[in-house]
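For reference, the structure is listed below as structure tokens.
The values are calculated or read from the model by the stated rules, or taken from the named source; none is laboratory data. Just so it is clear, the model here is predicted, and its values are computed rather than measured. Note that we place each Cβ from the backbone using ideal geometry, even for glycine, and neighbour counts take in every protein chain shown. With ligands, DNA and RNA removed, areas are computed over all heavy atoms of the protein, side chains included. Shrake-Rupley method; radii C 1.70, N 1.55, O 1.52, S 1.80 Å.
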Amino acid sequence: MLLKGEEEYYNRHIKLRDFGVEKQNLLKNSSVLVIGAGGLGCPVLQNLAGMGVGNIGIIDFDSIQVHNLHRQHLYSYADLGRKKVNVAAQKVKLLNPYVVVHKFDTELSVENASEIISQFDCVVDCSDNFATRYLVNDYCIYLNKVLVHGSISDYTGQITVLNYQNGPSYRCLYPEAPNPDESTDCNNNGVIALLPSIVGNLMAAQTCKVLLKE
């Protein structure tokens, strides 16, 4: 049930035809794990919080650097050197004090993946390396969790919803990881500042559609 303050916060959602209190409560009672609080993770976190997803997990072990700032809009110069997971959690709570934020200041690994992923209804993979992507995929299959995946490089990005209603997994699309010498990423090729927000917004939208059973 929504609190009075939540009814005010989500006023424009509640007024929406075919949305209202019922779907807002669905989001409130949902939980999402966001893996990576970088270029994709920032807009995903902002939109999940604004939509009212009740429990949001953030896993990241990186610190904020100056070259992050042009596209990772949760952070500013004042945050340089701080852990992304701490700053992101703080900014999410400032945006929406009604959501519960779970912080994981660690790298996802075979030792902790099952314990962490099992706590959430849905996983959003905003990571930037193939090792993590395959790890997340495999544990989402094992734990029967829907996986929303996104990636960006240069001027292009892609998103897909995986392991949904017996649908394909990441390994169905990419059975084998590419040769590291042949793959591209933002660290090597760069990325246009507008792109993470566009792709991250679409990832958040797909995540909410999954939670709302749309």
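Figures for the structure shown
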quantity	calculated
Of all residues in segment 58-73 being farther than 16 Å from residue 127 by Cβ and either assigned to a strand (DSSP E or B) or touching a residue at least 12 places away in the same chain (Cβ under 8 Å) (or both), the one that is nearest to the chain's Cα centre (by Cα)	73
Segments classed as helices (runs of 4 or more DSSP H), wholly inside segment 1-57, with at least 2 members that are in contact with a Ser or Thr (Cβ under 9 Å, 6 or more places away or on another chain) and surrounded by fewer than 16 Cβ atoms within 10 Å (Cβ to Cβ)	none
Pick from segment 176-214, criterion open to solvent by less than 30 Å² (accessible area, probe 1.4 Å), in contact with an Asp or Glu (Cβ under 8 Å, 6 or more places away or on another chain) and within 11 Å of residue 153 (Cβ to Cβ), ranking: modelled with the highest pLDDT	191
Contacts under 6 angstrom Cβ, first residue in segment 135-155 being without any contact (Cβ under 8 Å) to a residue 60 or more places away in the chain, partner open to solvent by 30 Å² or more (accessible area, probe 1.4 Å) and of a type in the set (A, V, I, L, M), 6 or more apart	155/192
Segment 58-80, residues that are out of contact with any Pro (no Cβ under 8 Å at 6 or more places or on another chain) and either surrounded by 15 or more Cβ atoms within 10 Å (Cβ to Cβ) or modelled with pLDDT under 95 (or both)	58, 59, 60, 62, 63, 64, 68, 69, 74, 75, 79
Residue 84 being within 27 Å of residue 27 (Cβ to Cβ), open to solvent by less than 70 Å² (accessible area, probe 1.4 Å) and at pLDDT 95 or above	yes
Scan of segment 107-131 for residues that are among the polar types (S, T, N, Q) and either open to solvent by 50 Å² or more (accessible area, probe 1.4 Å) or out of contact with any strand residue (DSSP E or B) (no Cβ under 7 Å at 6 or more places or on another chain) (or both), ordered by number	109, 112, 114, 118, 119, 129
Inter-residue pairs, beta-carbon under 7 Å, first free of Cβ contacts under 8 Å to residues at least 60 places away in the same chain and in segment 98-122, second assigned to a loop (DSSP other than H, G, I, E, B) and open to solvent by 30 Å² or more (accessible area, probe 1.4 Å), 6+ apart	105/61; 106/61; 107/61; 112/106
Residue count, segment 143-152 (criterion: surrounded by fewer than 19 Cβ atoms within 10 Å (Cβ to Cβ) and touching a Ser or Thr at 6+ places or on another chain (Cβ under 7 Å))	1
